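The values are calculated or read from the model by the stated rules, or taken from the named source; none is laboratory data. Only a predicted model underlies this, so the values are computations on that prediction, with no experimental measurement involved. Cβ atoms come from the backbone with ideal geometry, glycine included; neighbour counts cover every protein chain shown.
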């Protein structure tokens, strides 16, 4: 029997977060209509740019764009009423599916302050958001259509450069900040999308590549000026010296060096061998004499730029991802990912002056305001602005999220529960597109969530953290119920009849508990490895798991009898679901990147798709069982006609893998949650 622990000593609170960001108008810079790729054959060719046939660097291509145009948006953002789909999704109308709503702005990669202090730019997993730094109003969305890795303003604040990669291709875009026009695109295998920097005179753009090359471009013409080769691993950081004479670059992995380049002729001035595993942060002092570096070791080093000699080492409690000197050069700020703290040092003496902390979550970037009064930090799920003098938090933009790990409708489907990797569960009002409640487990042992499930009557919410527990709450209030100690659960599911609660474990076992008493009833053994997918049959008689090494297993719950085990996929089986009549099972996985259909009782393989060219991460069946939706690592969603196992339609919107899929009970909605931190609502547009 599993011991139950009610959380009284360390209570989990339901934190109701007021909306600190002004409501975002649906008309501001929203993305174009859903990208569609239509195919009537299984195994449609990818529309992405193919990988180069060899490792030889491909040339960069510069496109000058006279104007940035968009098609009117088919969807609305969060905080805006969601249009009701006009029809049930069926084989006859799948090509009319559009993205009707998007909830969440993705997860944050970089935050930068414009030199005039007017704008804050946030690079996220779905685009670049521009805010008025004084009013906090969202003023624009620049969306390259994928995760944005890097950002840099020109010194006059008129231009913004974004960088990102797609497969083996790296892409740089130059934007006019005022008009939101895309002025230029530079693309190629080694153009540098991971890090960008603009010279102090605004004439040169430097970009660091995953392929160990730093390239410098004339920002006005797009002409390449220098190609800097000296690192042996990917470029992790870049910084120009204040006088524009030097460019510093840092690298990762077993290289972990800092290179100092002469900007005028592109020659290597000196190389600094660090004790870091990765040089993730670089910053010049305002006088240009000192270079600070930090990375995947808990130290910050200060270097003499002229000689490359180490001046001082500062001990830190965390891996440093970002560094910034104050404009007057008196302070050095650092942020990291493992310890939720911002640290401030006296730059001259090396004395640690202050810690900033307020429920921080993986500080990936930080920057001082041009006047030095404020410090902005970009966490994975929030932008915070602080008083640089006293460490007081001034305001926060928190409509950002990490990977959506699970989705579950309440029985009336008025609310959608979404579990996020960053240890939050949000209850969304589906009709109004608003977060009604945010549940944040505050116990010390809970950092990340891997799955959620709602009981069939909607009265109990279960969540699996990346620890040895199942956490439970009463619904819809969100008040804590109890904590069930288990040995590293990874997935959770309620049986449709409400009798059982199942937990898929990291050690390949599935535990069955009484859903009412929480008593452990049985342990089902799959073999070895982690459970990735878990599902009860609609009649509650069977349970299926998908796990490592592509294994798919089905048991009879009452008798604990294993009916069959198949090594269905050459790599992990990520998703499983039963048909509405409980007669067959669908699985999706990696390796050959296929969907397979099985007889639920015998394990006979009834159908196998062709290679879909991207691992299958999620599957869902329409309420009548006529349509199958599958989500893949490349962000695409495919719809299949079940009667003929025929692919009907392929569409995309997520910039990263589609982690979970759900149809509404009336079949009008298809809901997807992605690793890009967004929830997307798909359906037939009302007009």
Hey, could you check the range 662-678 for residues that are surrounded by fewer than 23 Cβ atoms within 10 Å (Cβ to Cβ) and part of a loop (DSSP other than H, G, I, E, B) and say which is farthest from the chain's Cα centre (by Cα)? 666
Can you tell me which residues in the range 143-168 are touching a strand residue (DSSP E or B) at 6+ places or on another chain (Cβ under 9 Å) and in a loop (DSSP other than H, G, I, E, B)? 143, 144, 145, 146, 147, 148, 149, 154, 155, 157, 158
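Among the residues of the range 514-531, which ones are on the phi < 0 side of the Ramachandran plot and either part of a loop (DSSP other than H, G, I, E, B) or crowded, with 24+ Cβ neighbours inside 10 Å (or both)? Talk me through it step by step, then tell me what you get.
Within the range 514-531, the first condition is being on the phi < 0 side of the Ramachandran plot, and the residues that meet it are 514-517, 519-526, 528, 530-531.
515, 516, 517, 519, 526, 528, 530, 531, listed by residue number.
Which one is modelled with the highest pLDDT among residues in the range 465-488 that are assigned to a loop (DSSP other than H, G, I, E, B) and more than 15 Å from residue 502 (Cα to Cα)? I'd like the intermediate steps shown before the answer.
Taking the range 465-488 and keeping what is assigned to a loop (DSSP other than H, G, I, E, B), we get 466-468, 475-478, 486-488.
Among the residues that remain, those that are also more than 15 Å from residue 502 (Cα to Cα) are: 466-467, 475-478.
Working: 466: 81, 467: 77, 475: 94, 476: 89, 477: 90, 478: 91.
If we take residues in the range 465-488 being assigned to a loop (DSSP other than H, G, I, E, B) and more than 15 Å from residue 502 (Cα to Cα), then 475 is modelled with the highest pLDDT.
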Given the conditions (1) modelled with pLDDT under 95; (2) at positive phi, which single one is not true for residue 570? (2)
Could you check the range 84-95 and list, in sequence order, the residues that are surrounded by fewer than 18 Cβ atoms within 10 Å (Cβ to Cβ) and under 28 Å from the mean Cα position of the chain (by Cα)? 84, 95
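In the range 184-229, which strands (runs of 3 or more DSSP E) lie fully inside it and hold 3 or more residues that are touching a strand residue (DSSP E or B) at 6+ places or on another chain (Cβ under 7 Å) and over 18 Å from residue 157 (Cα atoms)?
Per the criteria, 213-218, 224-229.
With respect to residue 290, is the statement that it is over 24 Å from residue 362 (Cβ atoms), out of contact with any helix residue (DSSP H, G or I) (no Cβ under 7 Å at 6 or more places or on another chain) and at pLDDT 95 or above true? Don't jump to the end; show me each part of the working.
Details: over 24 Å from residue 362 (Cβ atoms): yes; out of contact with any helix residue (DSSP H, G or I) (no Cβ under 7 Å at 6 or more places or on another chain): yes; at pLDDT 95 or above: yes.
Yes: the conditions hold for residue 290.
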Residues located in the range 213-233, provided they are under 26 Å from residue 304 (Cα atoms) and either buried (at least 20 other Cβ atoms within 10 Å of the Cβ) or free of Cβ contacts under 8 Å to residues at least 24 places away in the same chain (or both): 213, 214, 215, 216, 228, 229, 231, 232, 233
Selection status of residue 456, outside any strand (DSSP E or B) and at pLDDT 95 or above: yes
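Name the single residue, out of those in the range 489-512 being outside any strand (DSSP E or B) and buried (at least 20 other Cβ atoms within 10 Å of the Cβ), that is modelled with the lowest pLDDT.
Filtering the range 489-512 for residues outside any strand (DSSP E or B) gives 495-499, 506-508.
Retained after the next criterion (residues that are buried (at least 20 other Cβ atoms within 10 Å of the Cβ)): 495, 508.
Working: 495: 99, 508: 90.
Ranking the candidates gives 508 first.
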